[in-house]
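Have a look at the structure below, then the notes.
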Amino acid sequence: MESTRLDRWLWAVRLTKTRPDAAAACRGGHVRVNDQPAKPATPVHPGDEVRARVNDATRIVEVVRVIQKRVGAADAATCFIDRTPAPPPEAAIPVARRERGAGRPTKRERRVLDAFRAGNV
């Protein structure tokens, strides 16, 4: 088996939850194969690079093995190499929070918050 449909492969390696979700992502322009827009029936071969925007995150994977049937998660992980860059680290900026149910801030508390936001504290 040298190739398979893109939507079937995305579903088989568990990048999408269902095959119709994979087909919809392809039709919506959220999937590219080797930097070319891909339709659901686009053939996928070993060595291809697949960029898929799934669940508001772009995954970049390289096809290692082509499968057509859905397999266990451990087996599916061996079918591609994940080349997705690591997400940027979360900013360590302190956030001013008020306790739930504390109501509106008083004039004094508002002045302290404004000074905190301006960086004067």
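Our helix-only sum for the chain, with -39,500 (n - 2.57) per DSSP H run of n ≥ 4 divided by its residues, gives a mean residue ellipticity at 222 nm of -7500 deg cm²/dmol. Mean separation of Cα pairs under 8 Å and 6 or more residues apart, divided by the residue count, gives the chain a relative contact order of 22 percent.
Qualifying trypsin sites (Lys or Arg not before Pro) in the stretch 34-120, where qualification requires a DSSP coil assignment and no more than 16 other C-beta atoms within 10 Å, comprise Arg65, Lys69, Arg70, Arg83, Arg97, Arg98, Arg100.
What a 1.4 Å probe finds exposed on the chain is 51% carbon and sulfur by accessible area, rounded to a whole percent.
Spin-label pair Arg108-Val54: with each label point 7 Å from Cα along the Cα-Cβ axis, the two points sit 5.5 nm from one another.
How much net charge surrounds Thr18 when only the other residues with a Cβ under 12 Å from the Cβ of Thr18 are counted, with Lys and Arg +1 and Asp and Glu -1?
Result for the neighbourhood of Thr18: +3.
Provide the net charge surrounding Thr84, with neighbours chosen by a C-beta distance below 15 Å and charges set as Lys +1, Arg +1, Asp -1, Glu -1.
Overall, the nearby charge balance is +2.
The residues of the chain expose on average 72 square angstrom of accessible surface per residue, using a 1.4 Å probe on protein heavy atoms. Each principal axis of the Cα atoms in the chain has its own extent, and those three values, largest first, are 71, 29, 25 angstrom.
The values are calculated or read from the model by the stated rules, or taken from the named source; none is laboratory data. Just so it is clear, the model here is predicted, and its values are computed rather than measured. Using ideal geometry, Cβ is built from the backbone for each residue, glycine included, and neighbour counts are taken over all protein chains shown. Surface areas here come from the heavy atoms of the whole protein model, side chains and all, with no ligands, DNA or RNA. Shrake-Rupley method; radii C 1.70, N 1.55, O 1.52, S 1.80 Å.
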